[in-house]
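These notes are about the structure you will find just below.
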Amino acid sequence: MHPLAIKLALPFIMFACTSAMADAFKLSSTDISHGKEMSQSQEFQGFGCDGKNLSPQLSWSGAPQGTAAFAVFAYDPDAPTGSGWWHWQVVNIPKDVTSLPTGAGNVSKPVLPVGSSQMNNDFGQRGFGGACPPEKHGMHRYQFTIYALSQKVQLPENASGALTGYMVHAHTLGSSTIEALYKRD
């Protein structure tokens, strides 16, 4: 094969290999399902909502080689803010952890693995803040994403959701998302 042909084909080969590895990294849950409506257990308690505010159980497998830590985000791109709504951001989950139990986002009952850090959500508090779309605003999408990180991220204690997202994305080897749904009539 001509050296120029190899040089031109290399990016496509690398993309195919990376895509195949990323396809092996999967997020699953016993509490939420992709494309399905969440229960009131994942609804926030406050702001006019009266749910149980429980973060869903999450499990993952097939992390890319070189994973040094994980991060979990829950985000609502449909919130009427112009920038969406961060419901949960957990960083620096140890690389040997492959699941979080239901309610892991409750800061008063610490069950997250040692070394993990929960960042402030857009409700202005640490930990999980459940779904609470405005009444009659229609169906909102809640994207629960696991990120495999090439290294632990260094963040200030009160980092914004945008800064946390920036640092996580800068070190992401792969990700997998469950997009659950919720509305309030």
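The values are calculated or read from the model by the stated rules, or taken from the named source; none is laboratory data. Just so it is clear, the model here is predicted, and its values are computed rather than measured. Neighbour counts are summed over all protein chains in view; Cβ atoms, including those assigned to glycine, are modelled from backbone coordinates with ideal geometry.
In this structure, is Ser176 of a type in the set (Ser, Thr, Tyr) and under 16 Å from the mean Cα position of the chain (by Cα)? Walk me through how you get there before you give the answer.
Values: of a type in the set (Ser, Thr, Tyr): yes; under 16 Å from the mean Cα position of the chain (by Cα): yes.
In short, yes.
State all residues of the stretch 101-137 that are buried (at least 18 other Cβ atoms within 10 Å of the Cβ) and touching a Pro at 6+ places or on another chain (Cβ under 8 Å); if no residue qualifies, say none.
Thr102, Ser116
Scan Asp50, Asp78, Asp96 and give me the residue that is touching a helix residue (DSSP H, G or I) at 6+ places or on another chain (Cβ under 9 Å) and acidic (Asp, Glu). I'd like the intermediate steps shown before the answer.
On the way: Asp78 fails: touching a helix residue (DSSP H, G or I) at 6+ places or on another chain (Cβ under 9 Å); Asp96 fails: touching a helix residue (DSSP H, G or I) at 6+ places or on another chain (Cβ under 9 Å).
When all the criteria are applied, what remains is Asp50.
Taking the condition of being touching a residue at least 40 places away in the same chain (Cβ under 8 Å), assigned to a loop (DSSP other than H, G, I, E, B) and not aliphatic (A, V, I, L, M), how many residues in the stretch 36-80 meet it?
Looking only at that region, the number is 17.
Report, by residue number, each residue of the stretch 42-76 that is among the aromatic types (Phe, Trp, Tyr) and closer than 30 Å to Asp185 by Cβ. Walk me through it before giving the result.
Of the residues in the stretch 42-76, the ones among the aromatic types (Phe, Trp, Tyr) are 44, 47, 60, 70, 73, 75.
Once the filter is applied, which keeps residues that are among the aromatic types (Phe, Trp, Tyr) and closer than 30 Å to Asp185 by Cβ, the stretch 42-76 yields Phe44, Phe47, Phe73, Tyr75.
With the structure loaded, tell me whether Leu163 is more than 16 Å from the chain's Cα centre (by Cα), among the hydrophobic types (A, V, I, L, M, F, W, C) and either within 18 Å of Ser83 (Cα to Cα) or outside any strand (DSSP E or B) (or both) or whether it fails that test. So that I can check it myself, show each step before the final result.
Numbers: more than 16 Å from the chain's Cα centre (by Cα): no; among the hydrophobic types (A, V, I, L, M, F, W, C): yes; either within 18 Å of Ser83 (Cα to Cα) or outside any strand (DSSP E or B) (or both): yes.
Here the answer is no, as Leu163 does not meet what is asked.
Can you pull out every residue in the stretch 25-50 that is surrounded by fewer than 13 Cβ atoms within 10 Å (Cβ to Cβ), modelled with pLDDT under 95 and among the small types (Gly, Ala, Ser)?
Answer for the stretch 25-50, where residues must be surrounded by fewer than 13 Cβ atoms within 10 Å (Cβ to Cβ), modelled with pLDDT under 95 and among the small types (Gly, Ala, Ser): just Gly48.
Just give me the residues in the stretch 138-160 being in a loop (DSSP other than H, G, I, E, B), crowded, with 17+ Cβ neighbours inside 10 Å and of a type in the set (Gly, Ala, Ser), in sequence order. Quick ask: steps written out before the conclusion?
Of the stretch 138-160, the ones in a loop (DSSP other than H, G, I, E, B) are 138-139, 150-160.
Then keep just the ones that are crowded, with 17+ Cβ neighbours inside 10 Å; that gives 152-153, 155, 159.
Listed by number, the list holds a single entry, Ala159.
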